[in-house]
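Here the structure comes first, spelled out in structure tokens, and everything after it is commentary.
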Amino acid sequence: MSAMKHKTTQALFDYWNVMRAGRPAPLRSEIEPGAIRRLLPHVFILERHDKQSYRFRLAGTGLCSVYGMEFRGHNFLSMWQDDCRESLDKALVEVTANGNVAIVEYTASTNDHREAAFEMILMPLAQENGAITRVLGAAVPMNESVWIGDRLLARQWIDRLKIADPERMPKRAFTQPSAEAARRIVRERPPVISAAIASLAHRRPPLRGERSYLRLIKTATFSDEQQ
């Protein structure tokens, strides 16, 4: 499993990984916005309502600016059609049921055929009772094209989708505050075996998808999210 290509997705994974402290997922309440301040513009949180509905609880201002639209309350899966939606549906099951991480490389295009490559990461978040019903993610353009944000992204399609065991993914050193937070979490909430997390020994092969469309949605900040 190669490292993520963009420093933002890699940094968010590193933070998520240290905050989970050996557990399948960190608690939503343990994610401190201040610790990932530089990443927040591209960060989002999804909440699973049912098998076909993962709604945006929040989305960063940078992500909204890139797409020229808002996100909050919209079903993440409705942004995709056909094979893309099916592939992401399966990927989100891997994330929320099996504690895996999904890395998605995709392309978005405008109506005048301008294209931009993106990288997205999806990681599990747990409630206080250990149930995984939320997904921490980030989506970031791979290149800072001058037109991004000025033109509506009307289509997008998956180029590559990878499902990975977080224990086997490349990791970078944490900052000292994050390391100290992890030690505190381990003391207060030692890792436990959760019946809600399936065995990590069984893997699905990488998923693939085709072209799809985007729809208008709404956004919020971390402070707007209801616990």
Peptides 154-160, 97-103: what's the order by average Cβ count within 10 Å, highest mean first?
97-103, 154-160
For GLU70, which sequence-distant residues (separation of 5 or more, or a different chain) have an amide H within less than 5 Å of its own amide H, given hydrogens modelled in the peptide plane?
ILE217
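Classify segment 17-59: rounded, prolate or oblate, from the alpha-carbon gyration tensor (a ≥ b ≥ c, eigenvalue square roots; a/c under 1.5 rounded; otherwise prolate if a/b is larger than b/c)?
In terms of gyration-tensor shape, oblate.
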Within segment 101-116, find all residues whose amide N lies under 19 Å from a label point positioned 7 Å from the Cα of ASP82 along Cα-to-beta-carbon.
105-116
Cα gyration tensor shape for segment 63-155, rounded if a/c is under 1.5, else prolate or oblate
prolate
If you roll a 1.4 Å probe over the heavy atoms of the protein chains, what accessible area per residue do you get for segment 14-87, in Å²?
39
Which of the peptides 117-123, 30-36 is most tightly packed, and how do the rest follow, going by the mean number of other Cβ atoms within 10 Å of each residue?
117-123, 30-36
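Quick one: length gained pulling THR61 to GLU167 fully straight, 0.36 nm per residue minus the C-alpha distance?
Extra length from THR61 to GLU167 when fully extended: 35.1 nm.
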Given points 7 Å out from each Cα along the Cα-Cβ axis, report the ALA117 to LEU152 separation in nanometres with one decimal.
2.7
Residues of segment 15-57 with amide N under 19 Å of a point placed 7 Å along Cα→Cβ from GLN127:
24-31, 45-57
Under a point spin-label approximation (7 Å from Cα along Cα-to-Cβ), what is the ARG160-ASP89 distance to one decimal in nm?
2.6
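The values are calculated or read from the model by the stated rules, or taken from the named source; none is laboratory data. Everything quoted here is computed from the prediction, not taken from an experiment. No Cβ is skipped: glycine too gets one built from the backbone with ideal geometry, and neighbour counts run over all protein chains shown. These accessible areas exclude ligands, DNA and RNA; they are computed on the full protein's heavy atoms, side chains included. Shrake-Rupley method; radii C 1.70, N 1.55, O 1.52, S 1.80 Å.
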